[in-house]
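Notes follow once the structure below has been shown.
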């Protein structure tokens, strides 16, 4: 009865919204939705942190190379590695739902998390408000006794983290799975599931927590009209409390990826693909520090990307016009694993010195110069980012230098000699000790007077 009343209330609200949207700027059609410009803050931010955290963080296990957050789904295969681990560790009668009271988050300190995020240089956060198993990190009326207030932490962990993150001046967004693997309503009546469960939850998230970003997923089985995506987006863009600044991705139906919505998404992808920059909409690459999004106790240090690789990934992504959404997987008791903290802080140390070549930049006419140099631009400057220390001289073939061209090493307070020759722009690199080199992993040369 509670679910039906919620559905009736939401349908009434959506009918009213539909009337308002008919008079609004954006209509419930993809050509109208797609015409909305992506708010500028998202392109300027460049670096965000993804957080996969939920009941699956208690078993925190998956086969190497797999996503541990798919634990409940994967344990259905009685011949698979996940079921064998589960039966051996917890027993065959132990249900996935039995993990929920164990998800206590007793060491969760949102202020400490927010401090790590601020020190990492990330400009926005995306937290899994609900993954495919349906467990909500906020007190959702549509998920009674399957949310973090009713069971487990007995706390609005999403609300607490949102408050801490925003207090540090960082944008806050939410991942939301449109579908739920084992929800009886989803399996029996998809229309009723969307009307009475999914859409009320999404609207509640927006109205209660006012996110800067809405990041749906789990859309791939059904087209966007079944999910009523354009209806929700017209409300979001025309009527919601975040209508002016909210950003969304492209995961609104099986017809949408790289076609409709807001920015396009890749996942452990090719970082921008082979499309020309002029043909590419704003995009974002998401991936974990390891091979899993959720914390996977089965991963070793060898599965975790090294700091240099992560810095280079950020540079490569930004040079091609994208953002990097780098994932962490906290533990069931609420800790960010130390190795993940360390990786984030290493990125932050690099950005403290070289952030001007990342934040607020745009792709230059060339993204790379050989194998070791990537380019960005901002204002009148071009940034040549060398992925390795170039030695005594850096030769750049792409820039066309004017007689007044200048070069400097970001983080180093003395000018560098440079000259234009037939084979490119030659920059004399000072002989520096390890202690004098401004940063590790990559080195930014700021150029003016070039085109």
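The residues of segment 417-433 that are within 37 Å of the chain's Cα centre (by Cα) and in a strand (DSSP E or B), listed by number, are 425, 427.
Every residue, every condition in (1) touching a residue at least 60 places away in the same chain (Cβ under 8 Å); (2) buried (at least 22 other Cβ atoms within 10 Å of the Cβ); (3) over 23 Å from the mean Cα position of the chain (by Cα), yes or no:
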position	(1), (2), (3)
36	yes, no, no
44	yes, no, no
61	yes, yes, no
77	no, no, yes
83	no, no, yes
89	no, no, yes
125	yes, yes, no
133	yes, yes, no
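Within the option set 165, 157, 247, being under 27 Å from residue 35 (Cβ atoms) and either assigned by TED's automatic domain parsing to the domain that holds residue 134 or within 20 Å of the chain's Cα centre (by Cα) (or both) holds for one residue only, 247. For residue 105, state whether it is in the same structural domain as residue 298 (by TED's automatic domain parsing), closer than 22 Å to residue 335 by Cβ and part of a loop (DSSP other than H, G, I, E, B). Taking the combined requirement at face value, the residue satisfies it.
Residue 173 falls short of the stated requirement of being part of a loop (DSSP other than H, G, I, E, B), touching a residue at least 12 places away in the same chain (Cβ under 8 Å), within 24 Å of residue 290 (Cα to Cα) and in the same structural domain as residue 36 (by TED's automatic domain parsing).
Here residue 224 fits the description: within 26 Å of residue 42 (Cα to Cα), modelled with pLDDT of 95 or more and buried (at least 18 other Cβ atoms within 10 Å of the Cβ).
Per the conditions (1) crowded, with 23+ Cβ neighbours inside 10 Å; (2) over 16 Å from the mean Cα position of the chain (by Cα), the sole criterion not satisfied by residue 262 is (2).
Tell me, please, whether a residue that is part of a helix (DSSP H, G or I), farther than 30 Å from residue 57 by Cα and out of contact with any helix residue (DSSP H, G or I) (no Cβ under 9 Å at 6 or more places or on another chain) can be found in segment 236-254. No: segment 236-254 contains no residue that is part of a helix (DSSP H, G or I), farther than 30 Å from residue 57 by Cα and out of contact with any helix residue (DSSP H, G or I) (no Cβ under 9 Å at 6 or more places or on another chain).
Spot the failing condition for residue 316; the list is (1) part of a loop (DSSP other than H, G, I, E, B); (2) surrounded by fewer than 22 Cβ atoms within 10 Å (Cβ to Cβ); (3) within 18 Å of the chain's Cα centre (by Cα), and only one is missed. Of the numbered conditions (1) part of a loop (DSSP other than H, G, I, E, B); (2) surrounded by fewer than 22 Cβ atoms within 10 Å (Cβ to Cβ); (3) within 18 Å of the chain's Cα centre (by Cα), the odd one out for residue 316 is (1). Taking the condition of being touching a residue at least 60 places away in the same chain (Cβ under 8 Å) and within 20 Å of the chain's Cα centre (by Cα), how many residues in segment 218-232 meet it? Residues in segment 218-232 being touching a residue at least 60 places away in the same chain (Cβ under 8 Å) and within 20 Å of the chain's Cα centre (by Cα): 1 in total. Which residue, of 134, 152, 121, is out of contact with any strand residue (DSSP E or B) (no Cβ under 9 Å at 6 or more places or on another chain) and modelled with pLDDT of 95 or more? Testing whether each residue is out of contact with any strand residue (DSSP E or B) (no Cβ under 9 Å at 6 or more places or on another chain) and modelled with pLDDT of 95 or more leaves just 152. Checked across segment 176-190, the condition of being assigned by TED's automatic domain parsing to the domain that holds residue 252, surrounded by fewer than 19 Cβ atoms within 10 Å (Cβ to Cβ) and in contact with a strand residue (DSSP E or B) (Cβ under 7 Å, 6 or more places away or on another chain) holds for no residue. Answer yes or no: is there a residue in segment 204-216 that is assigned by TED's automatic domain parsing to the domain that holds residue 28, more than 21 Å from the chain's Cα centre (by Cα) and within 15 Å of residue 251 (Cβ to Cβ). Looking through segment 204-216, none of the residues is assigned by TED's automatic domain parsing to the domain that holds residue 28, more than 21 Å from the chain's Cα centre (by Cα) and within 15 Å of residue 251 (Cβ to Cβ).
Note on segment 180-209: among residues that are assigned to a loop (DSSP other than H, G, I, E, B) and touching a helix residue (DSSP H, G or I) at 6+ places or on another chain (Cβ under 6 Å), the one that is nearest to residue 137 (Cα to Cα) is 180. Residues of segment 319-361 being in contact (Cβ under 8 Å) with a residue 60 or more places away in the chain, part of a loop (DSSP other than H, G, I, E, B) and within 28 Å of residue 40 (Cα to Cα), which ones? Once the filter is applied, which keeps residues that are in contact (Cβ under 8 Å) with a residue 60 or more places away in the chain, part of a loop (DSSP other than H, G, I, E, B) and within 28 Å of residue 40 (Cα to Cα), segment 319-361 yields 358, 359, 360, 361. When 287, 280 are checked against the criterion of being at pLDDT 95 or above and touching a strand residue (DSSP E or B) at 6+ places or on another chain (Cβ under 8 Å), a single residue qualifies: 287. With respect to (1) farther than 24 Å from residue 282 by Cα; (2) crowded, with 19+ Cβ neighbours inside 10 Å; (3) at pLDDT 95 or above, the lone exception for residue 374 is condition (1). Among the residues of segment 291-306, those identified as more than 20 Å from residue 72 (Cα to Cα) and assigned to a loop (DSSP other than H, G, I, E, B) are 300, 304, 305, 306.
Apart from one condition, residue 411 fits all of (1) on the phi > 0 side of the Ramachandran plot; (2) out of contact with any helix residue (DSSP H, G or I) (no Cβ under 7 Å at 6 or more places or on another chain); the exception is (2). Please work out if residue 388 is in contact (Cβ under 8 Å) with a residue 60 or more places away in the chain, surrounded by 12 or more Cβ atoms within 10 Å (Cβ to Cβ) and not assigned by TED's automatic domain parsing to the domain that holds residue 314. Taking the combined requirement at face value, the residue does not satisfy it.
The values are calculated or read from the model by the stated rules, or taken from the named source; none is laboratory data. Nothing here was measured: the structure is a model prediction, and the numbers come from that model. FYI the Cβ positions are ideal-geometry reconstructions off the backbone, even for glycines, and counts take in every protein chain you see.
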